[in-house]
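Q: Quick one: the structure is below, and I'll ask about it shortly.
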Amino acid sequence: MKTKLFSYSQLDTFVHRLSGLTKLVCFILMTTAVMLTYDIRMILLIMVISYALMYVSKIKFSQIRLMLVYVLIFLVTNFFLTYAFAPMYGVEIYGTQHDLFTIAGRYVVTQEQMFYQITKFSKYLSVIPLGMIFIFTTNPSEFASSLNGVGVNYKVCTSLSLTLRYFPDVTSDYQTISLAQQARGLEMTSKAKLSQRVKSIASILVPLIFTTMDRIELISNAMDLRGFGKHKKRTWYTRKPLTKADYLSVLFCALVLALTLYVRFFVNHSFYYNPFI
């Protein structure tokens, strides 16, 4: 049986045992730290922490393979487009120019530009694993109950829970419909031309939309029959209290953010780390 894509995996690891609220707060703190600096030293530190957590979480490659393909395509495209539209932006930032070689005209490859783009590339690579960890290690129901426990309306929490549960169902339906279409002779493999494959994928969207609408109607009817929304409060079967590990995890991520801000304002005195001075 194939592993569902973008779905929560129920394992007994340190990350899985943390509260969904804790993981959300840690995710916000760590991504904020990455967004507030262009210091590659801090970015690499967060990247190491991110990939270490992925290893601890025991996330399988089959779960993230498709996501990694799209991410790599985006990152490589972004890398080349950044240089194509602003080949001297790194020189403007760091105030020096050390040429490596010239391509043509204004397209001169400099150490400053490459350092800027590698730093930007690393920012994405350090944040993306954090999102994957949150998706694959967070029980949607437990996450919703944690949010409700800190005052978020339970209707909003339930909507978030259903949304997180919905992604693996959509990917599963897509794969099922795709296999059914191929069994009827619709070519969707690499043997077919790109234009034909695009048309074939488009033909899947119609049954996928109808399947989605049926599921929405089914869930809505089930919630109405159970009186969802009648009372101002509700109980949660999956609710669990915050533990010492939760508080320590939030504290650690807050310290990483504090260190990032300290390096930015008191060490670099700038948004960027400049190794060329």
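The values are calculated or read from the model by the stated rules, or taken from the named source; none is laboratory data. Just so it is clear, the structure is predicted and the values come from calculations on it, not from any experiment. Cβ placement follows ideal geometry from the backbone for every residue including glycine, while neighbour counts extend to all protein chains displayed. The area values use the complete protein model at the heavy-atom level, side chains included, leaving out ligands, DNA and RNA. Shrake-Rupley method; radii C 1.70, N 1.55, O 1.52, S 1.80 Å.
Q: Using the structure shown, decide if THR110 is under 18 Å from THR37 (Cα atoms), touching a strand residue (DSSP E or B) at 6+ places or on another chain (Cβ under 7 Å) and open to solvent by less than 20 Å² (accessible area, probe 1.4 Å).
A: Against the criterion (under 18 Å from THR37 (Cα atoms), touching a strand residue (DSSP E or B) at 6+ places or on another chain (Cβ under 7 Å) and open to solvent by less than 20 Å² (accessible area, probe 1.4 Å)), THR110 does not qualify.
Q: Now for a different question. Can you list the helices (runs of 4 or more DSSP H) found entirely within the stretch 1-105 that contain at least 2 residues being open to solvent by 20 Å² or more (accessible area, probe 1.4 Å), of a type in the set (Ser, Thr, Tyr) and farther than 18 Å from ILE118 by Cβ?
A: Fully inside the stretch 1-105 and qualifying: 61-85.
Q: For the stretch 260-275, which residues satisfy the criterion of being surrounded by 15 or more Cβ atoms within 10 Å (Cβ to Cβ) and touching a helix residue (DSSP H, G or I) at 6+ places or on another chain (Cβ under 7 Å)?
A: Within the stretch 260-275, THR260, VAL263, TYR272, TYR273, ASN274 meet the criteria.
Conditions (1) exposed (fewer than 15 other Cβ atoms within 10 Å of the Cβ); (2) at pLDDT 80 or above; (3) among the hydroxyl-bearing types (Ser, Thr, Tyr); (4) within 30 Å of GLY149 (Cα to Cα), marked per residue:
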| site | (1), (2), (3), (4) |
| --- | --- |
| MET188 | no, no, no, no |
| LEU194 | yes, no, no, no |
| ALA202 | yes, no, no, no |
| ALA222 | yes, yes, no, yes |
| LEU225 | yes, no, no, yes |
| LYS230 | yes, no, no, yes |
| LYS233 | yes, yes, no, yes |
| LYS244 | yes, yes, no, yes |
| TYR247 | yes, yes, yes, yes |
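Q: Under 6 Å between Cβ atoms, which residue pairs at least 6 apart in sequence (or on different chains) link something in the stretch 69-84 that is in contact (Cβ under 8 Å) with a residue 40 or more places away in the chain with a partner that is open to solvent by 70 Å² or more (accessible area, probe 1.4 Å)?
A: LEU75/TYR124
Q: I've got another one for you. Among the candidates LEU208, LEU255, LEU164, single out the residue that is of a type in the set (A, V, I, L, M) and open to solvent by 50 Å² or more (accessible area, probe 1.4 Å).
A: The conditions single out LEU255.
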